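Please read the structure below before turning to the comments.
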Amino acid sequence: MTSAANAAKGTTVTATAACAAGKAILGGGAQVTTTDTNNARAVLVSSFPNTPGTWTAIAVVADANLTGGRTISVTAYALCGL
């Protein structure tokens, strides 16, 4: 999931990864990226199992407002098993 361009400080972005039907979460993780040259502006706040079949990740614009059309993105990853 990607923020709107020029997101303000404090803006959160949430992504969720889901297991296929009948599979359960064994673990998960997340990756946060930004198009800003200052990587400190994109921070992972939380990464956790949300339900038995989904993993959720939350990122925030942490340092200052993004400018110049820049964005942050967060991707959630789920490790699923039987």
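Derivation of every value follows stated rules applied to the coordinates shown; laboratory data play no part. If you're wondering where the values come from, they're calculated on a predicted model, not measured in any experiment. Using ideal geometry, Cβ is built from the backbone for each residue, glycine included, and neighbour counts are taken over all protein chains shown.
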Contacts under 8 angstrom Cβ, first residue in region 58-82 being in contact (Cβ under 8 Å) with a residue 60 or more places away in the chain and of a type in the set (Ser, Thr, Tyr), partner surrounded by 14 or more Cβ atoms within 10 Å (Cβ to Cβ) and assigned to a loop (DSSP other than H, G, I, E, B), 6 or more apart: Thr67/Asn6; Thr71/Ser3; Thr71/Ala7; Thr71/Thr35; Ser73/Met1; Ser73/Ser3; Thr75/Met1
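Provide a single number: the residues in region 19-42 that are out of contact with any Asp or Glu (no Cβ under 8 Å at 6 or more places or on another chain) and under 14 Å from Met1 (Cα atoms).
In the first step, residues of region 19-42 are kept if they are out of contact with any Asp or Glu (no Cβ under 8 Å at 6 or more places or on another chain); the result is 19-37, 39.
Add one more test, that the residue is under 14 Å from Met1 (Cα atoms), and what stays is 30-35.
Final tally of qualifying residues: 6.
Would you please name the residue that is surrounded by the fewest Cβ atoms within 10 Å (Cβ to Cβ), looking only at residues in region 51-69 that are outside any strand (DSSP E or B) and either in contact with a helix residue (DSSP H, G or I) (Cβ under 8 Å, 6 or more places away or on another chain) or among the aromatic types (Phe, Trp, Tyr) (or both)? Spell out the reasoning first.
Going residue by residue through region 51-69, those that are outside any strand (DSSP E or B) are 52-53, 62-69.
Restricting the remaining residues to those that are either in contact with a helix residue (DSSP H, G or I) (Cβ under 8 Å, 6 or more places away or on another chain) or among the aromatic types (Phe, Trp, Tyr) (or both) gives 62-64, 66.
Values: Ala62: 15, Asp63: 15, Ala64: 12, Leu66: 24.
Per the stated criteria, the residue is Ala64.
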Residue within region 19-33 that is among the basic types (Lys, Arg), out of contact with any Lys or Arg (no Cβ under 9 Å at 6 or more places or on another chain) and touching a residue at least 40 places away in the same chain (Cβ under 8 Å) present: yes
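Within region 10-50, track down each residue that is part of a strand (DSSP E or B), hydrophobic (A, V, I, L, M, F, W, C) and more than 14 Å from Ala78 (Cα to Cα). Steps first, answer last, please.
Keep residues of region 10-50 that are part of a strand (DSSP E or B), which gives 12-18, 24-34, 42-50.
In the following step, the residues that additionally are hydrophobic (A, V, I, L, M, F, W, C) were identified as 13, 15, 17-18, 24-26, 30, 32, 42-45, 48.
Correct list: Val13, Val32, Ala42, Val43, Leu44, Val45.
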